[in-house]
Each structure stands twice: as structure tokens, then as C-alpha cells.
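Okay, so here's the structure we're looking at.
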Amino acid sequence: MRFANPKNWLWLVSFGGAILIWQLVSVNLNDRPFPSASKISNALFVMLQTGEFWGDLGVTFLIAMTGLIIGIALAVPLGLLVGLNEFAFRSTKFILDFLKVIPPIVVLPLVLLMFGTTVKFSVTLVVFGVLFSVLVQATYGVRDTDPVLLDTLSAFNASRYARLKYAVLPSALPFIATGTKIATSAAVIVSIVTGLVGSGPGLGHSLSVAQTGGNFPNVYAYVVVLGVVGILVNMLVSAMDRRIIFWRGK
Amino acid sequence: MTHPKRTGARLELKDVTKTYTGHGEDKHVLDRINCIVEPGEFLSIVGPSGVGKTTLLRLLTGLTPVTSGEILLDGKRVTSPPEDLAIVLQEYTRSLMPWLTVEKNIELPLKLKKIAKEERRERVQSAILEVGLEGNDSRYPWQLSGGMQQRVAIARALASRPRILVMDEPFASVDAQTRLDLEDLVLKVRDDFGITTLLVTHDMDEAVYLADRVLVLTGKPAHVAAEIAVPLGYPRDQVDTRAHPDFGHLRGEIYQLIRGKR
């Protein structure tokens, strides 16, 4: 019995409790920036029936995914190359560590000037947010390849390509997956921030419009949507990770 | 068993010397090692830890080049990993690919040798039978015990049908009972195939129990302190052979060689 174990439904109790507390507090505050939980759910319900909302959601999703895919497609081969070459690794380590910690929002104005408030602008920024974490992880993954494994393959007369295929790539895969996990959250966040701060298309922009218009129930409704999107994306990525890297920690 | 009997390779070490250069000072590890291993012979190489046993093994497998002297396998100079040689390392957990099943792990070297699929399957199956791993084909290494993992490594070595099998402390990290089982497995493998077998170990009992001859390395740099023939006869038996007076005598002789030179 799944429901016999409190572990399985405790989250629902605390979630319901939190909403209840919000409702009670907000009703008593009776202030515009704190709409009640019921008002927010009404706004959300209305919003879900508009084509505009689904269009925004689609655009945001498209931006995040396109940026993520381009970022990974660039980062993995680059990371493998850098990881395989001692000279490249030593010479780029500092630059990469440096670039990795720069939040995409810092370069936002620059990219905005280049592309304006277009999808291209948002995607570019997502790529920036994704690229370095995956690249650095891929590099470390390559360098983490067990020398015993490489020796074993060498003793079988494996070519350089075979060692790459049968030892280096699978060894780097868990690291790349971790990088991708981090990058996926980053991609979703950046795709929203580009709209919120840079007026790029998508949910972020609609949230910002609702905020300037003083439509607070809608602001919170968007926040709820973003939370749900975040949880779903995380669940998806974790499930993929468990399926692909089934030997992790063994 | 339907295995064809194969003949082992002949290995010859001529003044094999190894000096690691760089990293500050030169490190002279092996000094003029000479030895001949006849086809089908079982040779144990013993010595105190850190003497350079593993270095010697890396030279034999062509993974590291010799500084001077030469290693000949059937008269051919070893410069890269020879086709006819297979290796089993101590670290079975690290030498098997965790992302491949038992079957795929054993198959990998055959794939690298571009052997046809049908024959690969046949060889993998007979190697699995030989080491007693039936029914574990599609399990992953991490689902097996240490002893079973080492069996996979041995099966992988056998699948490539080597004429010389080289093992580096293969039983050092399994429990005592498993160790005895694996020792007997190695003897059976040598019997079934007639392959030349080299075992590097720091365990004197194991060295004597398995070998036709024991090569004792001592000193810094390491040199051959003695080559001791083991006239114990076959088949060997974990109880009787070890209880034989000659066994204790040989063991004592090797012990004194290793002790005395330190």
C-alpha cells in the first residue's frame, strides 16, 4: 500500500498547509501585492484558457530547449577535446572557470544590443548559460577516465579511437549528465529572465507586463506556472539520467 | 570441453633493464633481468612489494618500453601489446566496464580484433563455460561478487585465445576461499589450453602452489635472485600439495631469499 507510508503523501500535506496559511494570511492583509490563494487560482484558471498563455509557454519552452540543445552540442565536443589534451586543459582551465561563474544576466545588455528583443537574443543567452557548465563537466569527465581501463584496452591493442569510444566517452557520460542537469535548470531560468529583464518573448515578458500593470493575481499565477514547469523539467531530466547512466555509483 | 588444445608461446627476456627518467632523478627499477619461459610453462614471479614486479609486467605486455635489453615472444621482439598475449589485472573492479554486461565485457577485445559476430558469440560462450560463469551473461559486473568479477576478467583474457596469459596479482583482493578456487581455475585453464602462464604475486605460497618455476626478484634495482624449479607434480591439490614436505621447503627457501636481501 503506497498510502500506508506517510513518506509518500507528506509532501501533499505540507503543500496544502502552505496554501492554507497563505490564504489565511493574505485575506487578513487584504493588500494588493498579496492576493489570496483563491484569487490566484481563479486568475490561473482564466489564464489557462487563453491562447496567449499557451503561446507564451510554447515560446519559452522552445527558447529553453533550443538554447539547451545548441549549448550541449557545442559544449560536449569542445569539452572532450579540451579534456583529452593536457595543454588545452591547463591553458583553458582558468578562462573556463572564470566564464562559468559569470551569470548570463551580466552579458544580457550586450546580446540585447546585438539582436534586439528577439527569440535569437533569448536563445543566445540560454546558450551562454548552458555552455560552460556542460563544457567544464565534460572536461572533468574525460580526465576522470580510469587509467586501469585505458591500460586494459591498450593491452588489447585498442586504437586511440577505440579507447575513446569504449572507455573515455562512457566515463565522461555521468559527468556530462550532471552538467546537463545543472544546465537544464539554468536554461529554464535564463529563458524566463530574458523576458523578465530583457523584454524577450515568452512567459517572463508576460509576467513583467502583468507586474507593471499591477495585475498581481496574474503575477502569482505565472509564478505558479513557472514552479510547475521547473518541477516537471527536473523530473524529466532525472528520469533520463537514471535510465542512461544506470551504472552510476556502482 | 570442445576447446582445441593450443600450444603456448615461448618468452625470452634478455638483459631487460628499465630506468624511469624525468621527475627529478632517474629511477633504476630493473637491472638486467634474464629469463626463458618455455611454451606451456607456468612461471611465478615473486618479490617484496615495490620491487618492480608490476613494471616488469608492463614491459612484457608492451605497455611500457624497455630501456635496454629485449623481450622476445616466439622470437619476435615485443614493442607493442602482442596479439598472442592476454592480461588479467588485480583491480578487476576497475578493469571491467561497468556499463557493459558480462557478455559484452568478454566480447570487447574480440570486437577490437574485428572477429566476426558468430565466432565472437561462440568464443564468449565457451570462455564463460570455462570459468564457470554460466547464467551470468547479461548481468553487470557490479552485480557480481569480487571472485566472479575476476572470473569475468579471466574469461575476457581467454576469449581472445592467447598463447600466453599474464596475471598481475589477480587474487590479491578476493577472500581466502575464493582465492583458492580461482587458483585452481587458473591451473585448469593452463591444463585445458596448454598456454604459457605468468603470474606476478607477493604471496609465496601461491607462487609455489601454481608454478613450474618461481622467479625471485630482489634488490633496488631489482635483479633475479634465483630461479627455483618446483618439482611438485600434477595435479596440484589445495590440501595435499600444500602439505607436501617439498612445498614447505621451497616456500622457506624463497622466504629466505626475499628476507635476506632486504
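Coordinate-derived values only; no laboratory data. Being a predicted model, the structure only gives us computed values, none of them experimental. All Cβ positions, glycine included, derive from the backbone under ideal geometry; neighbour counts span all protein chains shown.
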So, relative contact order of chain A in percent, Cα under 8 Å, 6 or more apart, is 24 percent
What residue among B:LEU198, B:SER44, B:VAL29 has its Cα farthest toward the positive end of the dipole of chain B, where the charges are +1 on Lys, Arg and -1 on Asp, Glu, each on the Cβ?
B:VAL29
To test your reading of the geometry: what angle, between 0 and 90 degrees and rounded to tens, separates the Cα axis of helix A:51-84 from the longest principal axis of chain A?
20 degrees
Connecting C-alpha atoms closer than 10 Å in a GNM of chain B, tell me which of B:PRO245, B:PRO109, B:PRO81 has the biggest fluctuation.
B:PRO245
Place +1 on the Cβ of every Lys and Arg and -1 on the Cβ of every Asp and Glu in the protein assembly as shown, take the dipole about the Cα centre, and give the residue among B:VAL239, A:LEU68, A:ILE182 whose Cα lies farthest towards its positive end.
A:LEU68
State to the nearest 20 debye the size of the charge dipole of segment B:1-159 about its Cα centre, where the only charges are +1 on K and R beta carbons and -1 on D and E beta carbons.
320 debye
Could you state the angle between the C-alpha long axis of helix B:102-112 and the longest principal axis of the C-alpha atoms of chain B, as a value from 0 to 90 degrees rounded to the nearest 10?
70 degrees
To make sure I understand, if each residue's beta carbon is the centre and we count other beta carbons within 10 Å, what order do B:ILE258, B:ILE106, A:ILE244 fall in, fewest to most?
A:ILE244, B:ILE258, B:ILE106
I need the GluC sites (Glu not before Pro) found in segment B:85-187, filtered to DSSP loop residues with at most 15 other beta carbons within 10 Å of theirs.
B:GLU134
Expressed as a whole number of Å, what is the distance separating the alpha-carbon centroids of segment A:179-206 and segment B:41-98?
55 Å
Can you flag which of A:LYS120/A:LYS181; B:LYS27/B:LYS53; A:LYS165/B:LYS18 are past 26 Å Cα-Cα?
A:LYS165/B:LYS18
Rounded to the nearest 5, what is the percent of antiparallel bridges among the DSSP beta bridges in chain B?
50 percent
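Under the classification rounded if a/c is under 1.5, otherwise prolate if a/b is larger than b/c and oblate if not, where does chain A fall, given a ≥ b ≥ c as square roots of the Cα gyration tensor eigenvalues?
On the way: a/c = 3.05, a/b = 1.68, b/c = 1.81.
Cα axes put chain A in the oblate bin.
Please identify every one of the trypsin sites (Lys or Arg not before Pro) in segment A:1-82 that sits in a loop by DSSP and has no more than 16 other beta carbons within 10 Å of its own beta carbon. Don't jump to the answer; show the numbers that get you there.
On the way: sites: A:ARG2, A:LYS7, A:LYS39; in loops: A:ARG2.
Hits after loop and neighbour filter: A:ARG2.
Under the definition of Cα pairs under 8 Å and six or more residues apart, what whole-number percent is the relative contact order of chain B?
Working: 495 pairs, mean separation 70.0, N = 262.
27 percent.
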Quickly estimate the mean residue ellipticity at 222 nm for chain A, helices only: each DSSP H run with n ≥ 4 gives -39500 (n - 2.57), and the total goes over all residues, rounded to 500.
-27000 deg cm²/dmol
Expressed as an acute angle from 0 to 90° and rounded to the nearest 10, what is the orientation of the C-alpha long axis of helix A:169-198 relative to the principal long axis of chain A?
30 degrees
Only Lys, Arg, Asp and Glu count, each charged at its Cβ (+1, +1, -1, -1), so figure out the dipole size of segment B:178-226 about its Cα centre, rounded to 20 debye.
300 debye
